[in-house]
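Derivation of every value follows stated rules applied to the coordinates shown; laboratory data play no part. Predicted, not measured: the structure shown is a model, and the values here were computed from it.
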Amino acid sequence: MIQLHRLITNNRSLILAYDHGFEHGPKDFNLKTINPEFVFDIALEAGFNAIAVHAGIAEKYYNSFYNDIPLIVKLNGHTRLGDKPLISSQVCSVERAIKLGADAIGYTIYFGSKDEHWMLEEFSKIVDKAHDYGLPVVLWSYPRGSNVDENNTDVIAYAARLALELGADIVKIKYNHDFEGLKWVVKSAGKCKVMIAGGYKTPDKEFLNTVKEVLEAGATGLFVGRNVFQNPRPFTMGKALRALIIENKPLEQVLRIMNFEK
Ligand code: FBP
């Protein structure tokens, strides 16, 4: 039985992504957010459904104090030191993730890249093993490559469908601001839950509006990094997202309570 219930509340979910130190480098952080404990504290205090990190961060920072936050260990990654990455290498096994306390496994596939066959093969084996242990699998489903239009709705729907076909339980996609298109993406993913990546830091009100929109289109929730930890009030933004996504509060009320009017 796949243990999805810790990651999803009333068919909604809010997950904090903190794999940026690996995927982009410390440039995404400031003097506070460079410290993983600060970001774990945001997840804990704002009541996120889970936090996603690489193995080294889990090993050194996910201690008993944070046990209430379900842990997603990301099994593959790439650096940003060379060309735009089209392959993500496995850097952690399912077994190691379990030893680190993982409640779920994360993995990225760049569909459409010339190396996709490596990632397809590797991911299939990982899904098989993770499911044997009852662990849900989250796929960062990112179409990418010289002949791939990452922003095209049909391409995003294809990426969502591939996640379902491969056995992922949650698929994380980038939203292209095509509201009707997202409904089709969600349909394409079937029983695989669709979560939206946060993207670059955007103004608070605009960002929360987008979140409201993706929920209306049928997304299960948000799998967000920079729009929380790069916010000058990251705890407040975390709580606002919790109110909007999990507690189903109206956007106007969330904006008012959190004083996000500007
Ligand atoms: P953000 O909410 O900050 O966009 O994080 C989502 C995420 O998928 C991270 O998990 C990951 O590190 C990053 O975006 C990858 O972005 P990109 O594919 O642009 O490097």
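When the chain is treated as a GNM, springs tying every alpha-carbon pair under 10 Å, which of ARG96, ARG226, ARG161 comes out with the largest mean-square fluctuation?
Looking only at ARG96, ARG226, ARG161, the largest GNM fluctuation is found for ARG96.
Counting DSSP beta bridges with both partners in the range 71-198, what percentage is antiparallel, nearest 5?
Rounded to the nearest five, the antiparallel share is 10 percent.
Are any of the pairs LYS27/LYS249; LYS99/LYS239; LYS74/LYS174; LYS32/LYS60; LYS125/LYS193; LYS114/LYS187 more than 22 Å apart by Cα-Cα distance, and if so, which?
Over 22 Å apart, Cα to Cα: LYS27/LYS249; LYS99/LYS239; LYS114/LYS187.
What does DSSP give for the range 50-116 in terms of the percent of beta bridges that are antiparallel, rounded to the nearest 5?
So the antiparallel bridges amount to about 20 percent of the total.
Calculate how many DSSP beta bridges within the chain are antiparallel, expressed in % of all such bridges and rounded to the nearest 5.
10
Looking at the chain as a GNM with Cα springs under 10 Å, which of ILE42, ILE51, ILE34 has the largest mean-square fluctuation?
Top of the fluctuation ranking is ILE34.
Answer rounded, prolate or oblate for the chain, using the Cα gyration tensor with square roots of eigenvalues a ≥ b ≥ c: rounded when a/c is under 1.5, else prolate when a/b is larger than b/c, else oblate.
rounded
Over what distance in Å are the Cα centres of the range 216-262 and the range 104-182 separated?
If we compute the Cα centre of each part, the gap is 25 Å.
Name the long-range amide H neighbours of HIS54: under 5 Å, sequence gap of 5 or more, or other chain; modelled H, no Pro or chain starts.
Residues meeting the criterion, in which the H sits 1.01 Å from N, are LYS74.
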